[in-house]
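The values are calculated or read from the model by the stated rules, or taken from the named source; none is laboratory data. Just so you know, these numbers come straight off a predicted model, no measurement behind them. Heads up, the Cβs are rebuilt from the backbone with ideal geometry, glycines too, and the neighbour counts pull from every protein chain shown.
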């Protein structure tokens, strides 16, 4: 099955800094999503982005499907951005499972 | 707009007890699934369903049963709880690739088996 790898596993920033999180996947995908798991454990949808670029406020994401990676950009980070960021993918051609990476744990210090 | 409603939020069971985690969605998604989240392991698929009356096993199905009698509901049953089933459980609706739907998750159930 598809392998989803995220990097870095941990990231510590000062408030106001920018960051880039990466998600590599081993197969062509129909569905690629980014989630934020907040300190209370809730999984918050950030982007549904099988290809192309999307922006939502200080966050943006780009998926280059042909090269099998996706990037999540966080600009002017805030302490409320802390948590774990997951990407998850569904492969093309028959697989019916959303497979998660192991996440990037982001800590934003004041 | 409820989305995905998952209950209970917290549960403590004794070894050998049974229980059902409830999940309901109001988005008319055909695809629903259950995941467990353990430290360092990410989210792993337990069971999934592509529509009413159809279920299948995921990556870690042992010790769990599911059924899908309606589009809206997808309960997860623990038949005889074991300490290894201590985890956080998430129900998801949507996310099936060929339907190109976005997946949405319930708030999670933190289960402790003693």
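Per-structure values
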item: Selection count, region A:87-110, where residues are out of contact with any strand residue (DSSP E or B) (no Cβ under 7 Å at 6 or more places or on another chain) and either away from every other protein chain (no Cβ under 14 Å) or at pLDDT 95 or above (or both); result: 1
item: Among (1) at negative phi; (2) at the interface with chain A (Cβ under 8 Å from one of its Cβ atoms); (3) crowded, with 19+ Cβ neighbours inside 10 Å - the single one residue B:88 does not satisfy; result: (3)
item: Pairs where the first residue, in region B:29-50, is facing chain A (nearest Cβ under 10 Å) and the second is in a strand (DSSP E or B) and at pLDDT below 90, C-beta under 6 Å, 6+ apart; result: B:31/B:50
item: Yes/no for residue A:17 being in a loop (DSSP other than H, G, I, E, B), surrounded by 14 or more Cβ atoms within 10 Å (Cβ to Cβ) and modelled with pLDDT of 95 or more; result: yes
item: Output for region A:55-85, where each listed residue is over 20 Å from residue A:17 (Cα atoms) and either without any contact (Cβ under 8 Å) to a residue 12 or more places away in the chain or part of a strand (DSSP E or B) (or both); result: A:63, A:64, A:66, A:67, A:69, A:70
item: Residue within region A:64-86 that is in contact with a strand residue (DSSP E or B) (Cβ under 6 Å, 6 or more places away or on another chain), surrounded by 14 or more Cβ atoms within 10 Å (Cβ to Cβ) and at the interface with chain B (Cβ under 10 Å from one of its Cβ atoms) present; result: yes
item: Verdict on residue B:79 being modelled with pLDDT under 95, in contact with a strand residue (DSSP E or B) (Cβ under 9 Å, 6 or more places away or on another chain) and within 23 Å of residue A:49 (Cα to Cα); result: no
item: Number of the condition not met by residue A:25 [criteria: (1) within 26 Å of residue B:58 (Cα to Cα); (2) crowded, with 21+ Cβ neighbours inside 10 Å; (3) at pLDDT 95 or above]; result: (3)
item: Flag for residue A:31 being modelled with pLDDT under 95 and within 13 Å of the chain's Cα centre (by Cα); result: yes
